[in-house]
Amino acid sequence: MRRYGVNSAAERNLCLCHGCGLLCRVKPGQDSACPRCGAPLHLRRPSALQRCWALLLAAMICYLPANLLPIMETTALTGVQRDTIMSGVVYLWNNDSWPLALVVFTASVLVPLLKILALLLLLCSVQWRWRWAPRQRTLLYRMIELIGPWSMLDIFVVALMVALVQWQSLASIKAGPGAIAFGAVVVLTMLAAMSFDPRMIWDPIEEYDEQ
């Protein structure tokens, strides 16, 4: 028996267009397109769970080299210095720049890790059809979408330092392999979040209410 006595949009064959956001009616058993922009319409994104799992696993694989490999290589008269994210954090901390060290650690180490763990939680909850706290999980997904681009702080810093140092001709700075892995982590987690369909969180709730 339905708990609230209210039909969902899916039961009314209504869905939002992913291209323009128009609320459209989908014909059951037929391929439908948005009348405004022509984008395909789906009550649920096709293979959303599989794509999100693949992208998240790839991000998890890239996370270790992103933190272990050098993110920046500096060549000067004194030699070549290779710095990882954590060595940069330690350097800032030891030079009394602890606020900047905390910002770099949070944006470059903690936030990507929390994004991976949060996406893992959402995927497991949908895969195992949990009915626990659907509103909170939906809010968690919105937060992941919101903070996605801010994880690129280290890449922005490296690009800025390369431009400044090359302009002054004091030394040579180039991005290391860790920067590529780190950029891959950020991009893959953003794509994983975009591939995830938060409407799947509510499917077990609706099935339970119909019983």
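Suppose R0 equals 41 Å. What FRET efficiency, 1/(1 + (r/R0)^6) with r the Cβ-Cβ distance, do residue 110 and residue 37 give to the nearest 0.05?
Working: r = 38 Å, r/R0 = 0.94.
Rounded to the nearest 0.05, the efficiency is 0.60.
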If the label point sits 7 Å along Cα→Cβ of residue 174, residues of the range 51-77 with amide N under 11 Å come out as 73-75
Leaving out ligands, DNA and RNA but keeping every protein chain, what accessible area does residue 51 have, in Å² rounded to the nearest 10, with a 1.4 Å probe?
110 Å²
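Count charges around residue 80 for me, please; just the other residues with Cβ under 13 Å from its Cβ, Lys/Arg as +1, Asp/Glu as -1. Show your work: numbers first, answer last.
On the way: positive: 82, 174; negative: 73, 83.
Once all neighbours under 13 Å are counted, the net charge is 0.
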Taking placed amide H atoms and a strict 5 Å upper bound, the residues 5 or more places from residue 72 or on another chain that come that close are 83, 176
Pseudo-spin-label distance residue 130 to residue 22, built 7 Å along Cα→Cβ, given in nm, is 3.8 nm
Hey, what do the phi angles of the range 51-59 turn into as Karplus ³J(HN,Hα) couplings, whole Hz, using 6.51/-1.76/1.60 and θ = phi - 60°, x for Gly and Pro?
5, 5, 4, 4, 5, 5, 5, 5, 5
To the nearest 0.05, how large is the calculated FRET efficiency for residue 12 and residue 64 if R₀ is 30 Å and r is the Cβ-Cβ distance?
0.05
Report the extension gain between residue 87 and residue 45 in nm, rounded to one decimal, defined as 0.36 nm multiplied by the number of residues separating them, less their alpha carbon distance.
11.0 nm
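The values are calculated or read from the model by the stated rules, or taken from the named source; none is laboratory data. The model shown is predicted, which means the values in this text are computed figures rather than measured ones. Every residue, glycine as well, gets a Cβ built from its backbone with ideal geometry; the counts of neighbours run over all protein chains shown. Accessible surface areas use protein heavy atoms only, side chains included; no ligands, DNA or RNA. Shrake-Rupley method; radii C 1.70, N 1.55, O 1.52, S 1.80 Å.
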